[in-house]
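To start, the structure under review is shown below, and the notes come after it.
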Amino acid sequence: MSRRFALILSIVFISGFTQGLLIPLLSILLERQGTSAFINGLSAAVLYIGVIVAAPLMEGPLRRRGYIPVISFGLALVAVAVFLFPLLPSIIAWVILRFLVGFGDQTLHYGSQVWVTSITPNERLGRTMSLYGMAFGLGFALGPLAAPLVDVIDWLPFVLTGTLTVIVLILLFRMPNEKPSSVMPEELQSAASRYRLVLSTAWFTLLPGFTYGFLEATLNASFPVFATRNGYGLSETSTLITTFVVSSLIMQLPLGRLADHFGKRRTLVTVLSIGSVAFLTACFAFERYGWLFAIFAVSGMALGSTYSLGVAYMTEQLPRHLLPTGNLLAGIAFSLGSILGPIAGSLFVILPSMLYFSLFVLVLTTLALLLRYAKRHETPGI
């Protein structure tokens, strides 16, 4: 593994750790303060609004300045916001800080993702993006485990993740800068023309990112509220979320290799279908912790690679000069799912308990069918 790729994986790990810690931790702290489930979910969605706002602003700076300045800006923004959370303990301040974390996360993720997809041959995309997903997933798995530290010292989990972010930022400054391909056909000089081309020819490759964003944000924002209201404690809730992520780590690399062999689309449709069946089972077994544990393990193994496989699928469908645009739109699709997830989840929390997991079944089944149908419209080249 090259030093460059190892550093990219470290950056993605920190991003996963930060999200894995902040999303459930802040939701639980607001729940303890008596904040309504809807306001709680809306507050969590603000992080992904920051992601969407940042997305269209990053392509120009990335093409002009290169990867390291863009990623460094994102890391610095996340570090500052995280350190400020315990110093500004109000819901309004947390909404603003969540927005900044989302903006910074999108910036560092976008730079890292374009960097990886630009330097990886198509025949190794599944494996490489699996390692990318594993790095994020490992951070995301460890993040919730740090949430209970807030009961020891209220600022401890925030200082922990902020310090890790600063360390990676320092290491990044020691790397030589690179830029994405600058070769661009004349008809694609405007951003609007690039967006239209990617959306018209590869829209179906954005669906997995939407799916994963919806699922991840809902499980981390509204599921802790659902679990608390059904008698589960913070430790049990954090363990379930961590089980989902750790299970995804087990299958990241095998699924990446299977996707390289059998095709990204076929693999994605299969894992979405397995996840749908798993959550359908959860509709009838949510009161039994042992069953929920097993369901989260199975669904994690199936769905944890959805985003990374989606990016690999997208990279196969686009020429190199459109990868910054494709990755940008993949980030927006992820963010749209992440915004809709907590809001929809907060509405399903107030419904009868057995209906909560039907939200996941509906989304996964619908998108699996869309992705399967989209095969008829695939464009092999541009």
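Matching residues to (1) at pLDDT 90 or above; (2) of a type in the set (A, V, I, L, M); (3) buried (at least 23 other Cβ atoms within 10 Å of the Cβ):
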{"position": "GLU287", "(1), (2), (3)": "no, no, no"}
{"position": "SER299", "(1), (2), (3)": "yes, no, yes"}
{"position": "SER305", "(1), (2), (3)": "no, no, yes"}
{"position": "GLU316", "(1), (2), (3)": "no, no, no"}
Keeping to region 1-34, report how many residues are open to solvent by 10 Å² or more (accessible area, probe 1.4 Å) and out of contact with any Leu (no Cβ under 9 Å at 6 or more places or on another chain). 9
Within region 146-156, can one find any residue that is open to solvent by 50 Å² or more (accessible area, probe 1.4 Å), over 28 Å from ILE332 (Cβ atoms) and either aromatic (Phe, Trp, Tyr) or touching an Asp or Glu at 6+ places or on another chain (Cβ under 7 Å) (or both)? yes
Among the residues of region 255-273, are any assigned to a helix (DSSP H, G or I) and in contact with a Pro (Cβ under 7 Å, 6 or more places away or on another chain)? yes
Is one or more of the residues making up region 196-203 under 29 Å from TYR373 (Cβ atoms), at pLDDT below 85, touching a helix residue (DSSP H, G or I) at 6+ places or on another chain (Cβ under 6 Å) and open to solvent by less than 10 Å² (accessible area, probe 1.4 Å)? yes
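Rundown of residues vs (1) of a type in the set (Lys, Arg); (2) in contact with a Pro (Cβ under 9 Å, 6 or more places away or on another chain); (3) at pLDDT below 90, yes/no style:
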| residue | (1), (2), (3) |
| --- | --- |
| VAL70 | no, yes, no |
| LEU97 | no, no, no |
| TYR110 | no, yes, yes |
| SER118 | no, yes, yes |
| ARG124 | yes, no, yes |
What pairs come out if I take residues in region 201-214 that are touching a residue at least 24 places away in the same chain (Cβ under 8 Å) and within 9 Å of TYR307 (Cα to Cα) and pair them with residues that are among the basic types (Lys, Arg) and assigned to a helix (DSSP H, G or I) whose C-beta lies under 9 Å away, six or more apart or interchain? PRO208/LYS264
Exclusive hit being in contact with a Lys or Arg (Cβ under 6 Å, 6 or more places away or on another chain) and either free of Cβ contacts under 8 Å to residues at least 60 places away in the same chain or surrounded by fewer than 22 Cβ atoms within 10 Å (Cβ to Cβ) (or both), set VAL277, VAL269: VAL269
Within region 226-240, count every residue that is open to solvent by 10 Å² or more (accessible area, probe 1.4 Å) and of a type outside the set (Ser, Thr, Tyr). 6
State whether one or more residues within region 36-50 are in contact (Cβ under 8 Å) with a residue 40 or more places away in the chain, over 15 Å from ALA221 (Cβ atoms), open to solvent by 30 Å² or more (accessible area, probe 1.4 Å) and part of a helix (DSSP H, G or I). no
Of all residues making up region 52-86, the number that are open to solvent by less than 10 Å² (accessible area, probe 1.4 Å) and within 17 Å of the chain's Cα centre (by Cα): 6
Under the condition of being aromatic (Phe, Trp, Tyr) and in a helix (DSSP H, G or I), which residue from region 274-296 is farthest from PRO254 (Cα to Cα)? TYR289
If you scan region 204-239, which residues turn out to be polar (S, T, N, Q) and in a helix (DSSP H, G or I)? THR205, THR211, THR218, ASN220, THR228, SER235, THR237, SER238, THR239
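The values are calculated or read from the model by the stated rules, or taken from the named source; none is laboratory data. Quick caveat, the model's predicted, so the values are computed rather than measured. Ideal geometry is used to build each Cβ from the backbone, glycine not excepted, and the neighbour counts take in all protein chains shown. With ligands, DNA and RNA removed, areas are computed over all heavy atoms of the protein, side chains included. Shrake-Rupley method; radii C 1.70, N 1.55, O 1.52, S 1.80 Å.
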